[in-house]
Amino acid sequence: MTNEPEASRRAAPRTLADELRSRPDEALAELLRARPDLLSPVPGDLTQLATRAGTRASVVRALERLDRFALQTAEALAVAPDPCPYGTLAALLPGGGDELPRALDLLRARALVWGGDDRLRLVRTARELLTPTAERPSPTGLGPSLAEAATGMSPGRLQELLTAAGLPATHDPVSALAALAALFTDRERMAALLAGAPGEARAMLARLTWGPPYGEVSGQPSPPARWLLDRGLLLPAAPRTVVLPREVALHLRDGRAHRRLEPLPPALEPGRTHARASVDAAAAGQALAALTVVEGLLTLWGTAAGAPPVLRAGGLGVRDLKRTAVTLDLPEPVTAFWIELSYAAGLLASDGEPDERYAPTPAADEWLEQPPGRRWARLAGAWLAGTRPAGLVGERDARGRPLNALGPGLDRGPAPGLRRRVLELLAGCAPDPAAGGTGATDEVTAPAPDAVAARVEWECPLRGGRELRGRIVRWTLSEAELLGVTGRGALASYAHPLLDGADGSRAAAAGGAPEEAAARLAPLLPEPLDHILLQADLTAVAPGPLQRPLAGTLNVLADVESKGGATVYRFTPQSVRRALDAGRSAAELHSFLAAHSRTPVPQPLAYLIDDVARRHGRLRVGAAGSYVRCDDDALLAELAADRRAAALGLRLLAPTVLAARVDPGTLLERLREMGYAPAAESAEGDVVIHRADTLRTPPRTAPEPVPDGPPRPDGPLLAAAVRAVRAGDRAATVPHRPRSRPAGADSTGDNRPPRTAAAETLAIMRAAVRTGAAVWIGYVNADGAASRRVIEPVRVEGGFVTAYDHTAEEVRTYPLHRVTGAAELADEN
């Protein structure tokens, strides 16, 4: 019984196109699904598909999506003879076991390997990419073959090598190389040759055995090196550089292509086990905290004073990031994550004004009005599809330029796929309870982060670069915890629907999965409260999340002093003045506090509101250069005499008006610093009401993530593409069978477009309409370009034929006078 794949029993194709032609439609669809770049545009036939599958860019993308053992199999084929029998490949990969047929089937399915098991062929471009060179060493550590390493060597030198190795002389270099190669691949003779080598020579070979295969020698090689060079066990590669031929290295390795074979993925070592309820509770609490942070960010940047400017080169300045982090009481890297996430979700953008600033978008107001579950689902969906890892903020690009939050240069195409794969691995350790089955238990396991990183490394060893890939995995685990996708290191049950889409694209995130995730999260979140607890020390305690109107008013009336399970607000003269500036009266503030406090309004707080309200607006600041207006002459005189106001250049214009040299904004700020409570005045003399949430950008759409290649096609598109390729291939390869051939008709070449008289063309079309048969036609377009097409006529009238065009995959109408001929397709059997 053999482990060789089923493909060994099929007839060996002559080309990759022949093998693709023999595949069923399902296999072609799977190829196009795995390599969607082959669909841009849809190939005209299978020959064109095979050619495109062998292009360098496409092969590189296909290799990047192989797991480690499939890649090791391809690397072994790259250093094996071409074509390579299955037995030879198995000898290069000892220990592959049942995984070797799987890896070969995967390589065949991706059109990287073709041919039967007696003649396995790696696609030429893949062989070129994986074949070792001096500039690009192979991961196998093998060097060039003997024939490649001896290129350019003189025939006399080759004969000297034969003599030193104890082989008879030959008549030409080709046979000399063949004799040496036969010696190096014969285990018994090679062992006898090496048994006579000096000990230092064997040590030199041992150092080169597993790579790199190149070594340096002096101008006068040492006796051990000379012994090896004289017998071809080492060959000169450049001045003072020698290389170990591949055949010699394979003998020293006992025929193994890789030092460490990894046929199976590393196991996900279990970490701690937690009750599912505790995981969901911890994740839901963090999800609620995430919403609070984003709301705080929108509030901060939603004011003229808080909106940060856009750097000339784009992005957020370091000082503005630091200021935002201090205000939100978060570390700068975490703040950068929330800023990038809000930007990806379309909640923040630049306003596009001459003095460009970042501010909330109108979509932020809509988001704030949604239920907490839906708000969280929008953030989680944007995070999954985002291609801008916030962990890069603060680093420098390849040119040494700093990478700023919201700036250019942060996009990394592999990020969504890697992020999604990490969550899928977590989902395997914490099965979805809604799916039922044996995996739905009351306990879930949080895998060790190092084990997750090792598994992702095995599954896509070439994807994105090893360093960046490992960092994205670590960032994903920490960001998922911050966002509430995971709790205590395990995936929350309500996050499972986010992984139901075919990929992490924005289109998938826009489906029903976010709605289901929001519905699952909603019962885990506390109901927003409609009350607070006022205390005698001018503070208020919110024992939980507050309703939006209550939270909005309280954020204006008081300053947040601490956050946690309960939020503590502090009332100050400045915060009360802020509420009065926003248009609230003292009576309204008293009424608001009495209506929403479960405790009596403390007397100190009532006095504070009344005291600030009594002084608020007595001074009016308006625009002239600027001026101060007040009905109280004594207060104006006091202000004019105040030494702290000397820098303002105040000058009495009238009993109730002071003029100042500074602008109104500076004047307002300085007077407030001096302890006054001035109000801004409009040109009409009305009090200007300042609202903290008035700054918004024009309508903005969320930024589209930079795709890591074309998106995966869906089922209908794949079926249509396969149908179109098959139709084009039939038109290119299937001979036609004329219904009748009048005298003078062109009968040369089965694959040329048919030529028939107009009457016969019309008869063939009408017959095809009745029978539903496919017709092969020659067609000349308005530019005079001739082409051949396979169509299924639907209607013939008025000198036109309406038909389904298999090549274009659409219904088209053709003028009959441009059809040069028509013929029914011959039966394929």
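The values are calculated or read from the model by the stated rules, or taken from the named source; none is laboratory data. Bear in mind the structure is a predicted one, so any value in this text is a computation, not a measurement. Here the Cβ positions follow ideal geometry from the backbone for every residue, glycine too, while neighbour counts run over all protein chains shown.
Side notes on the structure shown:
- Test: Ala203 is surrounded by fewer than 21 Cβ atoms within 10 Å (Cβ to Cβ), modelled with pLDDT under 90 and not in a loop (DSSP other than H, G, I, E, B): no
- One residue alone among Gly255, Gly211 is part of a loop (DSSP other than H, G, I, E, B), over 30 Å from Leu695 (Cβ atoms), touching a residue at least 40 places away in the same chain (Cβ under 8 Å) and touching a helix residue (DSSP H, G or I) at 6+ places or on another chain (Cβ under 7 Å), and that residue is Gly255.
- Pairs linking a residue in the range 421-441 that is more than 19 Å from Ala385 (Cβ to Cβ) to a residue that is aliphatic (A, V, I, L, M) and at pLDDT 90 or above, with Cβ atoms under 6 Å and 6 or more positions apart or on different chains, are Ala430/Ala490; Ala430/Leu491.
- Selection status of Leu261, under 30 Å from Leu146 (Cα atoms) and part of a helix (DSSP H, G or I): no
- Within the range 540-555, not a single residue is part of a helix (DSSP H, G or I) and either within 30 Å of Asp432 (Cα to Cα) or at pLDDT 90 or above (or both).
- Hits in the range 445-484 - residues which are outside any helix (DSSP H, G or I) and either within 22 Å of Ala283 (Cβ to Cβ) or in contact with a strand residue (DSSP E or B) (Cβ under 9 Å, 6 or more places away or on another chain) (or both): Thr445, Ala446, Pro447, Ala448, Gly484
- Flag for Leu348 being among the aliphatic types (A, V, I, L, M) and closer than 26 Å to Leu524 by Cα: no
For every residue, the table says whether it meets (1) among the aliphatic types (A, V, I, L, M); (2) at pLDDT 95 or above; (3) outside the structural domain of Ala430 (by TED's automatic domain parsing); (4) more than 29 Å from the chain's Cα centre (by Cα).
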residue: Thr241; (1), (2), (3), (4): no, no, yes, yes
residue: Pro263; (1), (2), (3), (4): no, no, yes, no
residue: Ala289; (1), (2), (3), (4): yes, no, no, no
residue: Val293; (1), (2), (3), (4): yes, no, no, no
residue: Gly296; (1), (2), (3), (4): no, no, no, no
residue: Leu300; (1), (2), (3), (4): yes, no, no, yes
residue: Leu311; (1), (2), (3), (4): yes, no, no, no
residue: Ser342; (1), (2), (3), (4): no, yes, no, no
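- Checked against the criterion of being surrounded by 13 or more Cβ atoms within 10 Å (Cβ to Cβ), hydrophobic (A, V, I, L, M, F, W, C) and in contact with a Cys (Cβ under 9 Å, 6 or more places away or on another chain), the candidates Leu593, Leu636 yield just one match: Leu636.
- Scanning the range 149-160 for residues that are in contact (Cβ under 8 Å) with a residue 40 or more places away in the chain and either under 22 Å from Pro81 (Cβ atoms) or in a loop (DSSP other than H, G, I, E, B) (or both) turns up Ala149, Ala150, Met153.
- Residues that are more than 24 Å from Leu252 (Cβ to Cβ) and either among the hydrophobic types (A, V, I, L, M, F, W, C) or touching a residue at least 12 places away in the same chain (Cβ under 8 Å) (or both) occur in the range 129-139; there is at least one.
- Any chance Trp227 is in contact with a helix residue (DSSP H, G or I) (Cβ under 9 Å, 6 or more places away or on another chain), free of Cβ contacts under 8 Å to residues at least 40 places away in the same chain and of a type in the set (Phe, Trp, Tyr): yes
- Per-region count, the range 758-798, residues assigned to a loop (DSSP other than H, G, I, E, B) and surrounded by 13 or more Cβ atoms within 10 Å (Cβ to Cβ): 2
- Candidate set: the range 692-724, residues that are within 23 Å of the chain's Cα centre (by Cα) and under 15 Å from Pro41 (Cα atoms); chosen: the one surrounded by the most Cβ atoms within 10 Å (Cβ to Cβ): Leu718
- Any hit, the range 358-371, residues being surrounded by fewer than 22 Cβ atoms within 10 Å (Cβ to Cβ), of a type outside the set (Asp, Glu) and within 18 Å of Arg312 (Cβ to Cβ): no
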